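> I have a structure I would like to understand better, so I am pasting it below and will then ask my questions one at a time.
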Amino acid sequence: MATSKGVIQGFTGVAAVDAKHQIIVEAQASPATLYTADAGYHAESNLKALAEANITALIADNGMRQRDERSKEQGKYKAKPDPLYDKARPKQPGKCYRPRDFMLDPEYTCPAGKVLYRNGSNCIHNGYLSTK
């Protein structure tokens, strides 16, 4: 078995329990080696290498859950994303103001309702004549 300290010898333990009396009716411990792996290791090259080395292994594949009858209802129990995890501000689409959005009046009101002031006229901005 792989551990944080390296690889150690492991044993497979099996116990059968009588449900009515809750006593162990059979127990075995065996040093037999059986390799297991998750779907990340399911590849043709890995399966071929195991077969060539005559190694018994159980490796899940990516479609295992979809074929398993016991997992049919599993989708409805999937965890929803945590709404508190993303601490970023909600993204709001920016609004570009066009000249038609402005009203020409003595108060110089912008589309957001704020009163503007003038800070120069006949200015050249990006090659266009403008008023600041």
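> In terms of Cα to Cα distance under 29 Å, which lysines are near enough to Lys80, apart from those fewer than 8 places away along the same chain?
Hits, sequence-local ones excluded: Lys72, Lys91.
> Accessible area of Ser4, 1.4 Å probe, to the nearest 10 Å²?
Its heavy atoms expose roughly 120 Å² to the probe.
The values are calculated or read from the model by the stated rules, or taken from the named source; none is laboratory data. Everything numeric here is computed off the predicted structure, so don't read it as measured data. Surface areas here come from the heavy atoms of the whole protein model, side chains and all, with no ligands, DNA or RNA. Shrake-Rupley method; radii C 1.70, N 1.55, O 1.52, S 1.80 Å.
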